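The values are calculated or read from the model by the stated rules, or taken from the named source; none is laboratory data. Everything quoted here is computed from the prediction, not taken from an experiment. Note that each Cβ is placed from the backbone with ideal geometry, even for glycine, and that neighbours are counted across all protein chains shown.
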Amino acid sequence: MNDERSIFGVLLAGGQSRRMGGVDKALQILGGRPLLAHAIERLQPQVAGMVINANGEATRFAPFRLPVIADSIAGFAGPLAGVHAGLAWVRVSRPGIEHVVTVAADTPFIPTDLVPRFLAALNPNRPLLVARSEEGLHPVIGLWPVSMVTALEESLKQGARQASAFVEERGATEVFFPKIEIGGRLIDPFFNINSPEISPRRTLCLSHVRDTLAFHPLRMGEHFEAVLAGDRHQGHAAGLGHAHRKRRRRRYGGDYGCADHG
């Protein structure tokens, strides 16, 4: 029977971060630590080990002391290429592992019971599972059988790029995750940071939970802290320029996945 010891974690940080002006979303600061550090802390107890999928210079992730693997599919093929890279690496480097759990590196509040809930829903006839929350489907947050690497590679070579389309074609089981309480607020567990232009309501939410997060000496940027403090001009002065001014409500609704508890 599968348990956490047979699951390997892949942290997807390989995106081009166009909405963040080209900087690494995973290395932006929340509560004194990079977003990636929060994701690692919450995922680590649930898996046998972890690897970071990222393109470009791998040394920027050296402080995390985890293997860093790049996409093997050329042309920045999106998160599916990162999933493929993780599956391929595990198949070769961890031959006893049967499943991989994938998590976006810019989701600092992933559930601490992500893997157990996936395993509880695992059906041998439908081995691919993906997360769903009140805010919608999260196709890159999933539990993937390592044996799917060949099929995924073929789909990528044929031009597949949309993770949601791929998991639907594969008949993925959707596992629902409710909002979680952090700092007295209910937050979507897959809340992520996609733009340096954070609305006042989103800034309020993040500022509220920031003080509940432990501080850490590892600091890799100041822009995100400046945005949390409400000073967008200082954030731009830190080097992000003027990217993505268009306001978006996106799929998170008016409160971007945050709500007052009760």
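Kindly indicate whether ALA85 is assigned to a loop (DSSP other than H, G, I, E, B) and either closer than 23 Å to VAL23 by Cβ or touching a Ser or Thr at 6+ places or on another chain (Cβ under 7 Å) (or both).
So ALA85 does not fit the description; no.
If you go through segment 101-121 one residue at a time, do you hit one that is touching a Gly at 6+ places or on another chain (Cβ under 6 Å) and hydroxyl-bearing (Ser, Thr, Tyr)?
yes
Determine the pairs where a residue that is outside the structural domain of PHE190 (by TED's automatic domain parsing), located within segment 23-38, has a partner that is of a type in the set (Val, Ile, Thr) and assigned to a strand (DSSP E or B) with Cβ atoms under 8 Å apart, the partner being 6 or more residues away or on another chain.
LEU35/ILE29; LEU36/ILE52
Name the residues in segment 163-173 that are surrounded by 15 or more Cβ atoms within 10 Å (Cβ to Cβ) and in contact with a Lys or Arg (Cβ under 8 Å, 6 or more places away or on another chain), would you?
Scanning segment 163-173 gives ALA172, THR173.
Could you list all residues from segment 127-161 that are exposed (fewer than 14 other Cβ atoms within 10 Å of the Cβ) and modelled with pLDDT under 95?
If the condition is that a residue be exposed (fewer than 14 other Cβ atoms within 10 Å of the Cβ) and modelled with pLDDT under 95, then LYS157, GLN158, GLY159 are the ones that fit.
For segment 114-162, enumerate the residues that are in a loop (DSSP other than H, G, I, E, B) and either not polar (S, T, N, Q) or not assigned by TED's automatic domain parsing to the domain that holds GLY75 (or both).
Hits for segment 114-162 are ALA121, LEU122, PRO124, PRO127, LEU128, GLU134, GLU135, GLY159, ALA160, ARG161.
Considering only segment 74-100, state which residues are farther than 18 Å from SER164 by Cβ, β-branched (Val, Ile, Thr) and in contact with a Leu (Cβ under 9 Å, 6 or more places away or on another chain).
VAL100
Scan segment 97-111 and tell me whether some residue there is in the same structural domain as GLY9 (by TED's automatic domain parsing) and either touching a Cys at 6+ places or on another chain (Cβ under 9 Å) or among the polar types (S, T, N, Q) (or both). If you could, list the steps in order and put the result at the bottom.
Going residue by residue through segment 97-111, those that are in the same structural domain as GLY9 (by TED's automatic domain parsing) are 97-111.
Imposing the further condition that a residue be either touching a Cys at 6+ places or on another chain (Cβ under 9 Å) or among the polar types (S, T, N, Q) (or both) reduces the set to 102, 107.
Yes, the conditions are met somewhere in segment 97-111.
From ALA13, ALA85, grab the single residue that is in the same structural domain as VAL140 (by TED's automatic domain parsing), crowded, with 16+ Cβ neighbours inside 10 Å and more than 14 Å from VAL146 (Cα to Cα).
None of the others qualify; the one that does is ALA13.
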